[in-house]
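Peer 1: Okay, here's the structure, questions in a sec.
The values are calculated or read from the model by the stated rules, or taken from the named source; none is laboratory data. Given the structure is predicted, the values throughout are model-derived calculations rather than measurements. Here the Cβ positions follow ideal geometry from the backbone for every residue, glycine too, while neighbour counts run over all protein chains shown.
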Amino acid sequence: MDCVFCKIIEGQIPSHKIYEDENFIAFLDIHPQKPGHSQVIPKKHYRWVWDVPNLGDYFKACGKIAKAMQKAFQTDMVQSRIIGDEVLHAHIWLIPMHDHKFKNMEDIATKIRENL
């Protein structure tokens, strides 16, 4: 399988990780709509979010990350999107809506991780 997200999970493609547990990983999007825009994905390959068997745990992880984003960027609004046609691996977008400026992705990732 030639899945870019599976390659990120396996460490074949570098990423700016912001969260990881036994089932899920989150990392900064390389084409962010706002600084902090992240992908939350299951470590096991599933095509659709709705195929993930532990869906409740998936959404709990997203909630934890969204709360960290709220603190990190001093915003109440974190958009979440489930579209699924960009990469054929289940993923949820989390996009903190703010006006902060950052110089690099690692600073953004660190700011989110510090608030988990």
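Peer 1: Scan the range 9-41 residue by residue and report those that are polar (S, T, N, Q) and either in contact with a Phe, Trp or Tyr (Cβ under 7 Å, 6 or more places away or on another chain) or over 22 Å from Asp99 (Cα atoms) (or both).
Peer 2: Gln12, Ser15, Asn23, Ser38, Gln39 - these are the residues of the range 9-41 that are polar (S, T, N, Q) and either in contact with a Phe, Trp or Tyr (Cβ under 7 Å, 6 or more places away or on another chain) or over 22 Å from Asp99 (Cα atoms) (or both).
Peer 1: While we're on this one: If the requirement is being farther than 18 Å from Val4 by Cβ and in contact with a Ser or Thr (Cβ under 9 Å, 6 or more places away or on another chain), which of these qualifies: Pro53, Pro96?
Peer 2: Values: Pro53 fails: in contact with a Ser or Thr (Cβ under 9 Å, 6 or more places away or on another chain).
The unique qualifying residue is Pro96.
Peer 1: Within the range 86-116, track down each residue that is outside any loop (DSSP other than H, G, I, E, B), aliphatic (A, V, I, L, M) and closer than 17 Å to Gly63 by Cα. Working first, answer last.
Peer 2: Of the range 86-116, the ones outside any loop (DSSP other than H, G, I, E, B) are 92-96, 105-113.
Now restrict to residues that are aliphatic (A, V, I, L, M): 92, 94-95, 105, 108-109, 112.
Ile92, Leu94, Ile95, Ala109, Ile112 - these are the residues of the range 86-116 that are outside any loop (DSSP other than H, G, I, E, B), aliphatic (A, V, I, L, M) and closer than 17 Å to Gly63 by Cα.
Peer 1: In the range 100-116, how many residues are touching a helix residue (DSSP H, G or I) at 6+ places or on another chain (Cβ under 6 Å) and modelled with pLDDT under 95?
Peer 2: Summing the residues that are touching a helix residue (DSSP H, G or I) at 6+ places or on another chain (Cβ under 6 Å) and modelled with pLDDT under 95 in the range 100-116 gives 2.
Peer 1: Quick check on this structure: which one of Gln39, Gln70, Gln33 is in a strand (DSSP E or B), in contact with a strand residue (DSSP E or B) (Cβ under 8 Å, 6 or more places away or on another chain) and of a type outside the set (A, V, I, L, M, F, W, C)? Please lay out each step first, then the result.
Peer 2: On the way: Gln70 fails: in a strand (DSSP E or B); Gln33 fails: in a strand (DSSP E or B).
Sole residue among the options that is in a strand (DSSP E or B), in contact with a strand residue (DSSP E or B) (Cβ under 8 Å, 6 or more places away or on another chain) and of a type outside the set (A, V, I, L, M, F, W, C): Gln39.
Peer 1: Hey, any hits in the range 69-86 for a residue that's within 17 Å of Cys6 (Cα to Cα) and at pLDDT 95 or above?
Peer 2: At the first step, the residues of the range 69-86 found to be within 17 Å of Cys6 (Cα to Cα) are 84-86.
Remaining after also requiring at pLDDT 95 or above: none.
No, because not a single residue in the range 69-86 is within 17 Å of Cys6 (Cα to Cα) and at pLDDT 95 or above.
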